[in-house]
Amino acid sequence: MRSLVLTDSTIWTAETEYAVSVARAEALAGGDVTFASPGARFARGIDGVRAVALPEGVPSRSPVDFVVGARWLSNLARREAFDVLHSARATAHLMAACGAGRACPIVHLRGTATPPRAHAGNRFLYRRLTRAVVTSSSPVMRAVVERLRVPPARVHRLLAPVDTAVFRPRERDEALASSLGVPTGAKVVMNVARLAPVKGHETLLRAWAAVARAHPHAALVLVGEPWSGQPEGLMALARSLGIESSVAFAGRREDVPELLGVADVCALSSVGSEENSRAVSEYMAAGRPVVATAVGVVPELVEDGRSGLLVTPGDSGALAAALSSVLADPELATRMGSEGRRLAVERFSPEAFSAGLRAALRAAGVVA
């Protein structure tokens, strides 16, 4: 099958990542895959995927650029004879309908926690011009059905995948732990997230002040790239809470799969966002128990009480209690980590994602 994946995004977003995942899945299934994006970025270097560049311009901001892009897409679709066009982002969706709707069926990818706007134009676009819709979360799937009145049989949910061969259970590397400033044998809670306000690091540090009293030999490791005013502001907060000696700021790292092997518990403290929550998926694939705030897609990833514990966003007391309970019970931690790994392989491994996508395309009549 010949597939085209289209996005007009100029930056890496949750929707871009989801589109790339679809391209990988199509290639994994043996398809001939083309990925079109500004500057031909994002999909370069993926085995089995050809990257092509959209015309210069920003279609989402300029009507002229939109028309140029739609004409370019129309010519490409007629020339290449694609069996399906996957669109990611609203502008790319409309461009696909205007430029290639007659040449091949459109499957729209909604890899975001934000539901589409319920206006007449969207209802026509989704119901009349789109063969199927694939979403990364149940709330968005329900919104497409209820707000836009798309038949449920044409709307499918596929959790964003994680590479379960790379993110897998590992033995703790004490030398790596020591390089992070973690004492030998100390229990470790790890958080992997950019140091942005939406990730809730302040809440996590306030929770850690209580956890550190109950577990004085434990360490909190924060892995993530610096953000505006951070990590300096968070370091100052840690000092004011008297926990600076048990908190390590590791910065941006390229060895996250190995780092997760150091963790006894993995935490997510976000107060918003988490449209796909790659971090939680990676925690689970690595076989680590998860303590996370119930935001975005997280409640669809973590089974509360089985593969981890979910708490209310912004509630440092609840977060502290959950972290302490898992740290205090190694059997519970092991059981949750094993269950998380099982669910990761079953529900959002690349193979599971590819199989789910093929099922959605079969239901849409795109493949036999």
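The values are calculated or read from the model by the stated rules, or taken from the named source; none is laboratory data. All figures in this text were calculated on a predicted structure; none of them were measured in a lab. Note: ideal-geometry Cβ built from the backbone for every residue, glycine included; neighbour counts use all protein chains shown.
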Region 321-342 residues that are more than 14 Å from W208 (Cα to Cα), paired with ones that are of a type in the set (D, E) and in a loop (DSSP other than H, G, I, E, B) (beta carbon under 7 Å, 6 or more apart): A333/D264
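Residues checked against (1) β-branched (V, I, T); (2) in contact with a Leu (Cβ under 7 Å, 6 or more places away or on another chain):
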residue: V291; (1), (2): yes, yes
residue: D304; (1), (2): no, yes
residue: L310; (1), (2): no, no
residue: A328; (1), (2): no, no
residue: L332; (1), (2): no, no
residue: S349; (1), (2): no, no
residue: R358; (1), (2): no, no
residue: L361; (1), (2): no, no
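So, in region 340-357, exactly how many residues are among the acidic types (D, E) and in contact with a Ser or Thr (Cβ under 8 Å, 6 or more places away or on another chain)?
Keep residues of region 340-357 that are among the acidic types (D, E), which gives 346, 351.
If we keep only those that are in contact with a Ser or Thr (Cβ under 8 Å, 6 or more places away or on another chain) too, we end up with none.
So the answer is 0.
Filter region 78-97 for residues that are within 29 Å of the chain's Cα centre (by Cα) and among the hydrophobic types (A, V, I, L, M, F, W, C) and give the result. Spell out how you get there, then give the answer.
As a first pass, look at region 78-97 and keep what is within 29 Å of the chain's Cα centre (by Cα): 82-97.
Once the filter is applied, which keeps residues that are within 29 Å of the chain's Cα centre (by Cα) and among the hydrophobic types (A, V, I, L, M, F, W, C), region 78-97 yields F82, V84, L85, A88, A90, A92, L94, M95, A96, A97.
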Between residues in region 127-151 that are farther than 19 Å from T13 by Cβ and residues that are of a type in the set (G, A, S) and not in a helix (DSSP H, G or I), which pairs lie under 6 Å by C-beta distance while being six or more apart or on different chains? L129/G101; R131/A364; A132/A364; R147/A118
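At pLDDT below 95 and in the same structural domain as V295 (by TED's automatic domain parsing) - does that describe any residue in region 199-211? Step through it out loud before you land on a result.
Of region 199-211, the ones at pLDDT below 95 are none.
The answer is no, given that none of the residues of region 199-211 is at pLDDT below 95 and in the same structural domain as V295 (by TED's automatic domain parsing).
Kindly indicate whether V166 is under 24 Å from G287 (Cβ atoms) and either of a type in the set (S, T, Y) or crowded, with 20+ Cβ neighbours inside 10 Å (or both). So that I can check it myself, show each step before the final result.
Working: under 24 Å from G287 (Cβ atoms): yes; either of a type in the set (S, T, Y) or crowded, with 20+ Cβ neighbours inside 10 Å (or both): no.
Against the criterion (under 24 Å from G287 (Cβ atoms) and either of a type in the set (S, T, Y) or crowded, with 20+ Cβ neighbours inside 10 Å (or both)), V166 does not qualify.
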Any idea which of R278, R288 is in the same structural domain as A212 (by TED's automatic domain parsing), surrounded by fewer than 21 Cβ atoms within 10 Å (Cβ to Cβ) and among the basic types (K, R)? R278
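Looking at region 10-120, what helices (runs of 4 or more DSSP H) fall wholly within it and have at least 3 residues that are buried (at least 23 other Cβ atoms within 10 Å of the Cβ) and aliphatic (A, V, I, L, M)?
Ranges flagged: 14-28, 90-100.
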